[in-house]
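One structure below.
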Amino acid sequence: MAPMTREVGVNRSSGGNDIGGGEKATRVRIGRIDGDGIGHEVVPAAVAVVESAAAAIGGVEIDWVPLVIGHDAIERFDTPLPDATLDALTELDAWILGPHDNVSYPERFRDTPAPGGAIRKRFGLYANVRPARAFEHVRATVPGMDLVIVRENSEGLYADRNMARGSGEFMPTADVALAVGVVTRAATERIARVAFALARKRRRRVTIVHKANVLAMTTGLFLHVCREVAADYPDVQVDDEHVDAMAALLVRRGGDFDVVVTENLFGDILSDLAGELSGSLGTAPSINASGTQVMAQAAHGAAPDIAGHNRANPTAIMLSAAMMLDHLALARGDRRLAEVAARVERAVRETISSGVATADLGGGASTGEFTETVCARARRW
Ligand code: ATP
């Protein structure tokens, strides 16, 4: 999985213990937040496969820091996003965030921002990187898909994060609702640089997705600034598409795209579509990154319809964890972390391609059986 760029690298220093021959062990502290619903099944599965891969590589010590959001947090702290969790995340370079099911929280929390958005805003995790890559020998609507959606994560129409104070959505009367869409040159330029730098590590092609024929000022500015940034990357081929056309093109010829850069709402919708077209929502990974921190988060939600049934596919969060480790590895120049990331990704992909898969991919494996197979492969290979 291609790493992100130095611009969003995690630049804090890493610790280490001497493991003989003067070589220091790689030591990392990683937060683990199970979240709600299937998070209690898939996050432990991701931790297990990372541990298996780390044990096989050797010289990597991971200190997992358990933290709570959602229903667990309401039970313990009477809030879905406690200060104790936010304070602990401040000290961490990396964490895994499970899904949250905020619509099921008690009525008194309905107007509280959802934990995921609040965490992204609080830590300035502006770059949401969402790959969609089909698996060998697995049915997919678009079998040749191998693209990455780079989604701007801090503004657009997302009312929970696009204002310094208050909400970007409001109701002057009970029958009138308004939303503010925010696009700035600075945020667009920074996300465009992530996309173009990523394209250089892949097939050197960027597609800018917008709706400048209707939202001429907001998404028009997004298109214009991305085009300006493109001039600094003459070796990367660039084109652009309207978001509605892009939805159709992903279905018709989704295998033709490489890196797609877009604003917040369009990126959210297109990445769910691309995830499903390349496999299932349960296979779509992502990271959210700033200049100093990285958060692994699956594209899917808490899936309350299957929670507790040992049927959830942990692939998305396992691959998200691999992306997170790869990102840390790049920022720290740490070869072992990169090897752990590669091992996790390969174990997941090989397991699925060998025919062991959960029900959403047409397989017969439970969450537990799938996880055991991936862990065994991560230890063996
Ligand atoms: P959110 O808005 O929080 O993203 P959502 O309402 O869009 O949530 P999900 O919780 O992602 O929806 O679930 C959508 C559908 O996809 C459900 O039928 C769910 O069971 C299925 N699904 C989601 N994630 C997985 C997974 N990891 N494994 C199997 N099925 C999944």
Order of Lys201, Lys211 from fewest to most other C-beta atoms within 10 Å? Lys201, Lys211
Taking a ≥ b ≥ c as the square roots of the Cα gyration tensor eigenvalues, with a/c under 1.5 meaning rounded and otherwise prolate when a/b beats b/c or oblate if not, the stretch 36-175 comes out oblate
Consider a paramagnetic label point 7 Å from the Cα of Arg110 along Cα→Cβ; state which residues of the stretch 143-180 have an amide N under 19 Å from it. 159-160, 167-178
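Looking only at the chain, where both bridge partners belong to it, what percent of the DSSP beta bridges are antiparallel (to the nearest 5)? Present the calculation step by step, with values, prior to reporting the outcome.
Numbers: 19 of 50 bridges.
Percent antiparallel among DSSP bridges in the chain is about 40.
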Theoretical gain in end-to-end length, Val103 to Asp244 [0.36 nm per residue, Cα-Cα removed]: 48.0 nm
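Fewest first, what order do Arg335, Arg202, Arg165 take by the number of other Cβ atoms within 10 Å?
Result, fewest neighbours first: Arg165, Arg335, Arg202.
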How much of the DSSP bridge set in the stretch 140-278 is antiparallel, in percent, rounded to the nearest 5? 20 percent
Out of Leu89, Ile306, Met246, whose Cα points farthest toward the positive end of the dipole of the chain (charges: +1 Lys, Arg; -1 Asp, Glu; placed on Cβ)? Met246
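Quote the FRET efficiency, to the nearest 0.05, computed for His309 versus Lys24 with a Förster distance R0 of 45 Å and r equal to the Cβ-Cβ distance. Numbers along the way, then the final one.
Values: r = 44 Å, r/R0 = 0.97.
Between His309 and Lys24 the formula returns 0.55.
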Between Met171, Leu147, Leu265, whose Cα lies farthest towards the positive end of the dipole of the chain when Lys and Arg beta carbons carry +1 and Asp and Glu beta carbons carry -1, centred on the Cα centre? Leu147
Just how large is the dipole of the stretch 140-278 about the Cα centre, in debye to the nearest 20, putting +1 at every Lys and Arg Cβ and -1 at every Asp and Glu Cβ? 480 debye
Relative contact order computed over the stretch 17-110 (Cα-Cα under 8 Å; 6+ residues apart), in percent: 38 percent
For the stretch 296-381, what is the charge dipole size about the Cα centre, in debye to the nearest 20, if Lys and Arg each add +1 at the Cβ and Asp and Glu each add -1 at the Cβ? 360 debye
By the Cα gyration tensor axes a ≥ b ≥ c (a/c under 1.5 gives rounded; else a/b larger than b/c gives prolate, otherwise oblate), the shape of the stretch 199-342 is oblate
For Arg133, Arg122, what ranking results if the residue with the fewest other Cβ atoms within 10 Å of its Cβ goes first? Arg122, Arg133
Counting alpha carbon pairs within less than 8 Å and at least 6 residues apart, what relative contact order, in whole percent, applies to the chain? 24 percent
Paramagnetic reach from Ala177 in the stretch 92-106 [backbone N under 20 Å; point 7 Å along Cα→Cβ]: 101-106
Specify which residue in the list Val182, Ala132, Tyr158 is farthest towards the positive end of the charge dipole of the stretch 108-241, using unit charges on the beta carbon of Lys, Arg (+1) and Asp, Glu (-1), about the Cα centre. Ala132
For the chain, shape from the Cα gyration tensor axes a ≥ b ≥ c, cut at a/c of 1.5 then a/b versus b/c, turns out rounded
Just how far, in whole angstrom, is the stretch 307-367 from the stretch 261-286 if you go by their alpha carbon centroids? 17 Å
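Every read-out reported here was derived from the displayed coordinates using simple, explicitly stated rules and does not represent laboratory data. Everything numeric in this text was worked out from a predicted model, so none of it was measured. No Cβ is skipped: glycine too gets one built from the backbone with ideal geometry, and neighbour counts run over all protein chains shown.
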